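The values are calculated or read from the model by the stated rules, or taken from the named source; none is laboratory data. No experiment lies behind these values; they were computed from the predicted model shown. Note that each Cβ is placed from the backbone with ideal geometry, even for glycine, and that neighbours are counted across all protein chains shown. Please note that ligands, DNA and RNA were not included when accessible areas were found on the heavy atoms of the full protein model with its side chains. Shrake-Rupley method; radii C 1.70, N 1.55, O 1.52, S 1.80 Å.
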Amino acid sequence: MLAAVRQPLAPTLCLAWLLGWALPLAAAEDAAAGRKIYRQMCAECHGPKGEGVSGKYDTALAGNWSITKLTRVIENTMPEEDPDLCVGEDAVNVARFIYDEFYSPEARAKNTPARVELVRLTNPQHLNAVADLVKSFTGPDRLTEERGLRATYYNARGFNHDKLVRRQVDAPVDFDFGTNSPDQESIAEDEFSIQWRGSVIAEETGIYEFVVRTPNGFRLCVNDTEEPLIDGWVASGDLAEHRATLRLIGGRVYPLRLDYFKSKDKTASVSLQWQPPHGALQPIPKRNLTPQDSGPTLVLTTPFPPDDASVGYERGVSVSKAWNESATFAAIEAANYVAQNVDRLADTKLDATNRTEQVRTFARRFVETAFRRPLTPEQARTHVDAQWQRTEKLETAVKNIVLLTLTSPHFLYLGLGDYRTDDYTVAARLAFGLWDSLPDQALFEQAAAGRLRTPEQVTAQAKRMLEDPRAHAKLRTALHHWLQMSHVEDLSKDGALYPGFTDEVIADLRVSLDLFLADAVWGERSDYRDLLLADQLYVNERLAKFYGIEGVSGPDFVKVAFDRDQRSGVLTHPYLLAAFSYHQTTSPIHRGVFLTRNIVGRSLKPPPSAVAFEDSKFDPHLTMREKVAELTRSDACMSCHSVINPLGFSLEHFDAVGRFRTTEKDRAIDAVSDYLTNDGETIRLTGARDVARYAAGSELAQAAFVEHLFHQVVKQPALAYGPRTLNQLRASFAKSEYNIRALLAEIATVAALHGIEKNIKTADVR
């Protein structure tokens, strides 16, 4: 036996030994060496467990740096008193140790274990859920591609069918008839009337100001088919401007009715205008009007305290006295609305003999819809039956049921019922993930039939739901967060330096960017790379004039292709270029920080001290690049600005309002830099398109985009779904040719089915 042991090992066995034993032993030795060096040289400042040391390095070790970058930083800067003490193999070993212990996905999951939290509805979720809860009893509104309002013209002051002259579709409603009539041959000049019917499409949630400018009589109804928002039926004969504000939810349509007449007035004109959130006052554009009728939507006006957004996305983790009060007042507001409209919602009549029974049926469905699942016998007794026993007045019982339902934890919290995880849980997760709202009837039916248990079943529903305007509205908000549009407060510039850059141009630029995003996501390709590399902009006549684009006329936006060296997706969209610029000049630092964090997906730590950029302190002959280089030249600054500056300089071909330029201060623009990637590779950047090409092919940038969408959709920490979930999603994203819609469906599916399979099998066994 001993002799056998002493025989030479066969080559195959030697190789197996080397691969199976020698390498792990070597790796273990390296890890031990790295741990020893860390304890000797690093723990004094960073803490034995990387937790940080007060007064030395307060921040815990964490991030997404690669081993290559960690090695480079250690060789150049660690330990601070003598960086030459840890170089070469020692730096590699300690970098591997730090990566394995603090930076790898597994380490982050272990050190800061994330979990799927019990959360309340966020403010948008609450607003949408109440709106859809009530809307579910009147049916969804369907949109076609046709735009404008149905117009009926009458040859009389009144809307007499015998005096009807013609019907057509108008858009926008912006007419100046002067002393004439709309039709000289068939409509008299002294008296005529027009009715406009259809719906208005709100793209963004917020306060809308509606304005009617006319010397004549009119009534305007919005989101209410009976009560006028503005009543100007008694006209003065002088041109007047009538205003009223209304809160609307994005991704929805609202009924609109405008009745207008002229009688004995000197002139006739009418302009239906609005000022949407982040927009300028303008006639309501054609794209926001549809000739289709729609039903009213309950849009709560009760204010809520802001959601917590400290982790980069809004989440419902804070429950304060102020939030509880808001939830109660919102429930009262909803209860009054439902009671006032109960016959419309319950599809009954005041004098119907079976009215009470129909309303009771409606009430039970109301509670079930709000709770996202069939009621237990106890819930039915508490929330429905008991309320009928307490009062003989139907409207009071309805108010009590609505109030009790909308203040119940079963409505206000997500994940509360996951202890009985089932198909209804999947339906709720899907709906709040893609719509920020309740499941619709189709999802309820699938849940009831037990058909939300496999990835294929859930993905099929997710793809269906992505066609809904509510999904478009939610992704629009997610992309706004990605591009930091929600933080932009003032894009105005020095009027002397940038004449013509008006509020109207700024509003048009925001519309232009939104149209570009919608085209990139909801178009045929839905390719993430188009967000970065597309060479088109949407412009109307006003933007075309300001940016020197020929061949565009009128208020409608059209897609215009540019020289690929001049425009590259969102990186060079004028709205963002202006947003990340100063009042008078560009800002390579702001632009570079945005590109670093949001486009190439690298993390940046807060600067050790804030240094304000004061243009007046620099030699006026210096270019902006030279000023930034001088401002950030210290070693302390360059630890971050070695990354920030090359990216920011790549956009210097664009001035502070996003116009392409080749010179600054009569000198050629220098946009060329060497950029050190997160993997330690140096690449040459000559302009924006080089940055876009790099980001489009970078796994780090792709992973950052995937993680951003995950957080925006799910509102939960991605690591709570497993340390490899994001990597798997990124790989699947690449396999789909970076299809954003496919990514959204997969994110929603992964989150909806988290922990479901085990629970459903257990429930089936029971």
- Query: Do you know which residues across region 41-66 are assigned to a helix (DSSP H, G or I) and open to solvent by less than 60 Å² (accessible area, probe 1.4 Å)?
  - Reply: C42, A43, C45, H46
- For L497, indicate whether it is under 30 Å from T585 (Cβ atoms), part of a loop (DSSP other than H, G, I, E, B) and either touching a strand residue (DSSP E or B) at 6+ places or on another chain (Cβ under 9 Å) or in contact (Cβ under 8 Å) with a residue 24 or more places away in the chain (or both). yes
- Task: Go through region 67-97 residue by residue and tally those that are open to solvent by 30 Å² or more (accessible area, probe 1.4 Å) and outside any helix (DSSP H, G or I).
- Result: 5
- Looking at V750, V706, V713, which is the one that is open to solvent by 40 Å² or more (accessible area, probe 1.4 Å) and β-branched (V, I, T)? V750
- Message: Show me the helices (runs of 4 or more DSSP H) found entirely inside region 352-432 where at least 2 residues are among the β-branched types (V, I, T) and open to solvent by 20 Å² or more (accessible area, probe 1.4 Å).
- Response: 355-371
- Message: Anything in region 436-445 that is more than 12 Å from R373 (Cα to Cα) and surrounded by fewer than 24 Cβ atoms within 10 Å (Cβ to Cβ)? List them, or say none.
- Response: A442
- Task: Please report, ordered by residue number, the strands (runs of 3 or more DSSP E) entirely within region 179-236 with at least 3 residues that are touching a residue at least 24 places away in the same chain (Cβ under 8 Å) and not hydrophobic (A, V, I, L, M, F, W, C).
- Result: 191-202, 206-214
- Looking only at region 716-729, which residues are in a helix (DSSP H, G or I), open to solvent by 40 Å² or more (accessible area, probe 1.4 Å) and not hydrophobic (A, V, I, L, M, F, W, C)? N727, Q728
- Task: Could you tell me which of the residues L281, L289 is open to solvent by 40 Å² or more (accessible area, probe 1.4 Å), within 22 Å of V211 (Cβ to Cβ), modelled with pLDDT of 95 or more and hydrophobic (A, V, I, L, M, F, W, C)?
- Result: L281
- Query: Which ones in region 677-707 are touching a residue at least 60 places away in the same chain (Cβ under 8 Å) and among the aliphatic types (A, V, I, L, M)?
  - Reply: A688, V691, A692, A695, A696, L700, A701, A703, A704
- Complete set of residues in region 246-264 that are farther than 19 Å from L149 by Cβ, touching a Leu at 6+ places or on another chain (Cβ under 9 Å) and assigned to a strand (DSSP E or B): R247
- Message: Being on the phi < 0 side of the Ramachandran plot and either open to solvent by less than 50 Å² (accessible area, probe 1.4 Å) or part of a strand (DSSP E or B) (or both): is that true of S326 here?
- Response: yes
- When restricted to P723, P717, the only residue under 30 Å from T71 (Cβ atoms), at pLDDT below 95 and in contact with a Pro (Cβ under 8 Å, 6 or more places away or on another chain) is P723
- From R667, R661, grab the single residue that is under 25 Å from D535 (Cα atoms) and open to solvent by 10 Å² or more (accessible area, probe 1.4 Å). R661
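Results for (1) of a type in the set (A, V, I, L, M, F, W, C); (2) modelled with pLDDT of 80 or more, shown as yes or no for each residue.
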| site | (1), (2) |
| --- | --- |
| L70 | yes, yes |
| V73 | yes, yes |
| N93 | no, yes |
| S104 | no, no |
| P113 | no, no |
| E117 | no, yes |
| R120 | no, yes |
| P124 | no, yes |
- Given the conditions (1) over 25 Å from H641 (Cα atoms); (2) open to solvent by less than 10 Å² (accessible area, probe 1.4 Å), and given that A578 satisfies all but one, which numbered condition is not satisfied? (1)
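Okay, residues lined up against (1) at pLDDT 95 or above; (2) open to solvent by less than 20 Å² (accessible area, probe 1.4 Å); (3) touching an Asp or Glu at 6+ places or on another chain (Cβ under 6 Å); (4) under 26 Å from Q712 (Cα atoms):
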residue	(1), (2), (3), (4)
H472	yes, no, no, yes
A478	yes, yes, no, yes
S486	no, no, no, yes
A496	yes, no, no, no
G500	yes, no, no, no
L513	yes, yes, no, yes
V521	yes, yes, no, yes
- Task: Answer with yes or no whether L631 is open to solvent by 20 Å² or more (accessible area, probe 1.4 Å), more than 28 Å from the chain's Cα centre (by Cα) and either polar (S, T, N, Q) or farther than 30 Å from P283 by Cα (or both).
- Result: yes
- Note: among G601, G648, just one is on the phi > 0 side of the Ramachandran plot, touching a residue at least 40 places away in the same chain (Cβ under 8 Å), surrounded by 20 or more Cβ atoms within 10 Å (Cβ to Cβ) and not aliphatic (A, V, I, L, M), namely G601
- Query: Which one is nearest to P283 (Cα to Cα) among residues in region 193-204 that are touching a strand residue (DSSP E or B) at 6+ places or on another chain (Cβ under 7 Å), open to solvent by 10 Å² or more (accessible area, probe 1.4 Å) and of a type outside the set (K, R)?
  - Reply: I201
- The one condition V173 fails out of (1) loosely packed, with under 15 Cβ neighbours inside 10 Å; (2) at pLDDT 95 or above; (3) of a type in the set (A, V, I, L, M, F, W, C) is (1)
- Could you list all residues from region 447-461 that are in a helix (DSSP H, G or I) and buried (at least 24 other Cβ atoms within 10 Å of the Cβ)? A447, V458, Q461
- Message: Go through region 670-697 and report how many residues are part of a loop (DSSP other than H, G, I, E, B) and surrounded by fewer than 19 Cβ atoms within 10 Å (Cβ to Cβ).
- Response: 7
